[in-house]
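Taking it in order: structure first as structure tokens, then the write-up.
All of the numbers you see were taken from the coordinates with simple rules; none came from a lab. Computed from a predicted model, the values in this text were never measured in an experiment. Please note: Cβ atoms are built from the backbone with ideal geometry, for glycine as well, and neighbour counts cover all protein chains shown.
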Amino acid sequence: MKVLLVVVGMALVTYIPRLLPALFMDRFHFSDWFQKWLQSIPYAALGALIFPGILLVDKDQPLLGLAGGVIAFILSLLRLHITLVMAGSILIVILLQYFFV
Amino acid sequence: MESKPPKIVFKSNSQLAQGIQAGLPIFLGYFPIAIAFGALAVQAHLNWIEAVLMSLIVFAGASQFVGVSMFLAGAGAAQIIATTFFLNLRHLIMSLAVNDQMRHFSGGWKGFLSFFITDETFALLTLGGGEDQLESRTPSYMAGLMITAYLGWVTGTAVGGLGAGFIPPEITTAMTVGLYGLFIGLLVPPARKSLSYAVIAISSMIMNWALGFFMDTGWSIVLSTILAAVLGIILIKEDV
């Protein structure tokens, strides 16, 4: 019973922040600067999500995440499809773990 | 050729199909990580139904791992729920950006689709598939993408909770790095096209790193996203 309570509580506090913009965004007319702020969110959010989190995937081996990140960076500079970029970073991490760690 | 009527029918079908296709990389990334989550949850003495229910109604990977670990460590309900809240607060900011794309959707669609906002679905919806398509996103495209990701997470949890699929920690590590690869792969193309986007992203990285010394990850991601996006107000040219 206690677990169920925790799970439902987690669900509520996770959904409410996701839902709020759906409920309220229509009521406001956004000024030009706010629109630019909104437009910048993806770049800002991805920056914050990537670093330094990528170094902490394996806390004892920050170089693993770094290697995966560098490969992803190079492959995306080569304009490869996103699936191949992911595959490249996954592969390098598997190889590094297999041979070196 | 372009004006043949059947093409219109095909297009309305293909929105869903395109969404599912766009969501597949997330499905593949989530599935093995969710297997690991399901296995951990069962080790933490949740039963299978509770583990799957958590993935079904919470659908937020990192906070689920943290929640289950806290449960294992004997933390109280209020403490776990509060931690979950702060860890997932960043989705509020992400939801602003996603809902900006959904302005022309009905209220029901907005409320429904907002449930499925994760770091990865947000990243693909905002930066995947070219900026020119953002205005024309349909509910079925978004639902296809988001529910594909969701199914990867839920089915993975179900498999992992049964103990059916053992995922070595090396694979979980590799797949997690793969999801970072997804973020990088989505960020690099616009960042090379516009220096402003690159500056915003790099500033956010530096801020998040620096703020990390003073606060929890949940807070520092929220704060650096809000602050770095303010730079965009100055940097982005009028043509929005």
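Considering every pair of different Cα atoms, what Kirkwood radius, in Å, is found for region A:2-99? Before the final figure, lay out the partial values.
Numbers: mean 1/r = 0.0587 Å⁻¹.
Every distinct Cα pair counted, the radius reaches 17.0 Å.
In nm, give the distance between the simple-model label positions of B:Ile206 and B:Leu92, each being 7 Å from the Cα along the Cα-to-Cβ direction. Here the modelled spin labels are 2.7 nm apart. Calculate the FRET efficiency for B:Ala82 and A:Arg27 from the Cβ-Cβ distance with a Förster distance of 22 Å, rounded to the nearest 0.05. Calculated transfer efficiency: 0.15.
Using the Cβ-Cβ distance between B:Leu151 and B:Leu227 with R0 = 56 Å, the FRET efficiency computed as 1/(1 + (r/R0)^6) comes to roughly 0.95.
Is the shape of region B:110-240 best called rounded, prolate or oblate, per the rule: a/c under 1.5 gives rounded, else a/b larger than b/c gives prolate, else oblate, with a ≥ b ≥ c the square roots of the Cα gyration tensor eigenvalues?
oblate
Modelled label positions at B:Phe166 and B:Ser136, each set 7 Å beyond Cα in the direction of Cβ, lie 5.0 nm from each other.
Note on B:Gln43 and A:Ile16: their simple-model spin labels are 3.2 nm apart, each label 7 Å out from Cα toward Cβ. A run of chain B free of exposed loop cleavage sites, with trypsin sites (Lys or Arg not before Pro) counted only in DSSP states other than H, G, I, E and B and at most 13 other beta carbons within 10 Å, reaches its longest extent at B:104-236. Along each principal axis, taking the top coordinate minus the bottom one, the Cα set of chain B gives 59, 47, 35 Å in descending order.
Only helical DSSP H runs with n ≥ 4 go in: add -39500 (n - 2.57) per run for chain A, normalise by residue count and round the 222 nm mean residue ellipticity to 500 deg cm²/dmol. Before the final figure, lay out the partial values.
Values: 4 runs with 76 residues, N = 101.
The helix-only estimate for chain A comes to -25500 deg cm²/dmol at 222 nm.
Label zone (B:Arg103, point 7 Å along Cα-to-C-beta; backbone nitrogen cut-off 14 Å) within region B:200-240: B:240. Cα convex hull, region B:34-150: 106 Å³ per residue, rounded to a whole number.
Of all the C-alpha pairs in the protein assembly as shown, what % are more than 33 Å from each other?
Numbers: 13817 of 57970 pairs.
Result for the distance tail: 24 percent.
For the protein assembly as shown, lysine pairs separated by 8 or more sequence positions, or belonging to different chains, with Cα-Cα distances below 30 Å total 8.
Near B:Met102, no amide H atom lies under 5 Å from its own; only residues 5 or more places off or on other chains count, and H is placed 1.01 Å from N.
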